[in-house]
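Taking it in order: structure first as structure tokens, then the write-up.
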Amino acid sequence: MSITLYVPRDSAALAVGADLVARRIAEEAVARGIDIRLVRNGSRGLLWLEPLVEVATADGRIAYGPVTPGDVASLFDAGFLSGASHALHLGPTGQIVYLKSQQRLTCARIGIIDPVSLDDYQAHEGHVGLRRALEMGPQAIVQQVLDAGLRGRGGAAFPTGVKWKTVLATPAAQKYVVCNADEGDSGTFSDRMTMEGDPFMLIEGMTIAALAVGATQGYIYVRSEYPHAIATLNEAIGRAEAAGFLGDDILGSGRSLRLEVRKGAGSYVCGEETAMLDSLEGKRGIVRAKPPLPAIRGLFGRPSVINNVITFASVPLILARGAAFYRDYGMGRSTGTLPLQLAGNIRHGGLVEKAFGITLRELLYDYGGGSASGRPIKAVQVGGPLGAYVPESQWDVPLDYEAYAAIGASIGHGGIVVHDDTADMARLARYAMEFCVVESCGKCTPCRIGSMRGVEVIDRIRTGGEGEVGGDRSQQVKLLRDLCDTMVNGSLCAMGSMTPYPVLSALNHYPQDFGLPASGPEAPRTDTGVEHA
């Protein structure tokens, strides 16, 4: 009887040598005459422990990591195939503190299954939601999503069921479902992990959406920087079609859906849904004015459901277990869970799925273990490069869409990037404006020109404003605030309207970095928190 081992095929694991580790394990097993079954699973999301190798034993899966090719022989010598002790031994995978206290609903299968095995997927509640959806009418499916309170996980947090209801109510001969997988925010990787680690979940969610609104064609728009995700999705789509879960007759129901993967061209602004639609249509990705909404006139001018990966991936569980089950997680109008991504200067970076209501302080220390540098954490950017910098005085605000909006911040796609006390916040504020200069589609003046002027004004503030008309630093600060107000209220999309978030939060909470008097300086936490290994 063969022994089953798991070595991740996730990009993060591949980047640190997972393929070499898998090859060495296979070679060592052959040399020792041991029969093994090597499964290339997704990553569990404990990125500081990759490559994380797991062994299936009578007592469950036992984890070892981070494993290098040079460790493999000693692991065999120690008897790791039976879960024996070794310097890299981490114990039962599910009991690792970082994982044990999570609430994995959307990411429940990621790291557990072979991503392209339909048998594995269905053995772990896969396609239960789809089968139930096929027994329901379109209105009933939409109502389940409405009742669950699911909101868009791409950043806007718009109620998913409302969007679907609009598409359902709009008559058209052709409708589309489009997945926005152009995950371009700094510090985000949950979409990639989902596509690489559990692609059938995304496919199932999009299929349910198609049944709900009457769409027969779907597209997954994936950023070109994700070649492994693209390959995995294409393989999964082919297998789903062959097994009858996609195509012209889904599970004998007479309903149809064709799915295609489309590769993006490397533009950050194509993460905005209308710019993405232009790109899908073969045009330059430029933001469209709204109305009309894409739900009414979207791809090729037809009604279109557009959601991001995690939104679609949340749907199968809602249909499988019911709206009330999902709604019982979270707080207020922020129902369910969110896969949060810890990155930047953090000791234990990775994926943490928790119900809404957890705080940054818990994430930074109970999960992240403090800064990687060992220095005090100074600022945390939440929500990507257009997200606000959150100071320690706000780290106990619950991660909730409304609570964060009240402090001038945004949860966005759940990306969390950590900076220690060596960070120059004025320089980071300048980078936000410079980023907008480079990535703006150029359609609207506040974004296109405002960001360029923003870089210039921040430069004058940093140098004291000498030699300029009205060059006094305080006058330049006033000018910067006025400019940000214009961008927030005059830009066509979030590219321009959210660029001021990191700028103003840096200015408000870290004035000393701009050469201004401190207005109640933050006292960064100095301990590194709990060990999770």
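Between ALA26 and GLU281, with labels modelled 7 Å along Cα→Cβ, what's the label distance in nm to one decimal, could you check?
4.6
Over the chain, what relative contact order in percent results from Cα pairs under 8 Å that are six or more residues apart? List each step's numbers first, then the result.
Details: 1158 pairs, mean separation 73.9, N = 533.
Once divided by the residue count of the chain, the mean separation gives 14 percent.
Ignoring any ligand, DNA or RNA, what whole percent of the accessible area of segment 128-174 comes from carbon and sulfur when the probe is 1.4 angstrom? It would help to have the intermediate numbers written out before the result.
On the way: 1200 of 2150 Å².
Its accessible area is 56 percent carbon and sulfur atoms.
Write down the accessible area per residue of the chain in Å², having rolled a 1.4 Å probe over the full set of protein chains.
Numbers: 19760 Å² over 533 residues.
I get 37 Å² per residue for this part.
Longest span of the chain, sites excluded, free of GluC sites (Glu not before Pro) in DSSP loop with at most 13 other C-beta atoms within 10 Å? Can you show the working numbers first?
Values: sites that count: GLU135, GLU281, GLU466, GLU531.
Here the longest run is 282-465.
Let's see if you can work this out: charge +1 on each Lys and Arg Cβ, -1 on each Asp and Glu Cβ, no other charges. What is the dipole magnitude of the chain about its Cα centre, in debye to the nearest 20? All intermediate terms of the calculation are to be shown ahead of the outcome.
Numbers: 50 positive and 57 negative charges, 273 e Å.
In debye, rounded to 20, the chain gives about 1320.
Keeping every protein chain in place, order SER43, SER410 by accessible area at 1.4 Å, biggest value first, i.e. largest first. All intermediate terms of the calculation are to be shown ahead of the outcome.
Details: SER43 0, SER410 20 Å².
The residues order as SER410, SER43, largest area first.
With the full set of protein chains in place, find how many percent of the accessible area of segment 378-420 is carbon and sulfur; take the probe as 1.4 Å. Show your work: numbers first, answer last.
Details: 520 of 910 Å².
Carbon-and-sulfur percentage of accessible area, whole number: 57.
Looking at GLY137, MET452, TYR404, which one has the Cα that reaches farthest to the positive end of the dipole of the chain (charges on Cβ: Lys, Arg +1; Asp, Glu -1)?
GLY137
Given Cβ point charges of +1 (Lys, Arg) and -1 (Asp, Glu) and nothing else, what value in debye, to the nearest 20, does the dipole of segment 333-492 about its Cα centre take? Before the final figure, lay out the partial values.
Values: 16 positive and 19 negative charges, 44 e Å.
It comes to approximately 220 debye.
So, taking all protein chains as they sit and a 1.4 Å probe, how much accessible area belongs to TYR401, in Å² rounded to tens?
20
Take the solvent-accessible surface of the protein heavy atoms, probe 1.4 Å, and return the percent of it on segment 326-365 that carbon and sulfur atoms account for. Could you put the intermediate results ahead of the total?
Working: 490 of 1130 Å².
For segment 326-365, the apolar C and S fraction of the accessible surface comes to 44 percent.
State, to one decimal in nm, how far the label point of THR68 lies from the label point of ARG327, with both points 7 Å from Cα in the Cβ direction.
5.3
If I model a spin label as a point 7 Å beyond the Cα along the Cα-Cβ vector, how far apart are those points for GLU135 and VAL397 in nm?
4.4
Where the only charges are on Cβ atoms (+1 Lys, Arg; -1 Asp, Glu), what is the dipole of segment 253-307 about its Cα centre, to the nearest 20 debye? Don't jump to the answer; show the numbers that get you there.
Numbers: 10 positive and 5 negative charges, 32 e Å.
Here segment 253-307 has a charge dipole of around 160 debye.
No solvent, one uniform scatterer per C-alpha: report log10 I(q)/I(0) for segment 147-188 via the Debye equation at q = 0.17, 0.30 1/Å, two decimals.
Reported log10 I(q)/I(0), two decimals: -0.62, -1.12.
The values are calculated or read from the model by the stated rules, or taken from the named source; none is laboratory data. Just so it is clear, the model here is predicted, and its values are computed rather than measured. Methodologically, a virtual Cβ is constructed for each residue, glycine included, from the backbone with ideal geometry; neighbour enumeration extends over all protein chains shown. These area figures cover heavy atoms from the full protein model, side chains too; ligands, DNA and RNA do not enter into them. Shrake-Rupley method; radii C 1.70, N 1.55, O 1.52, S 1.80 Å.
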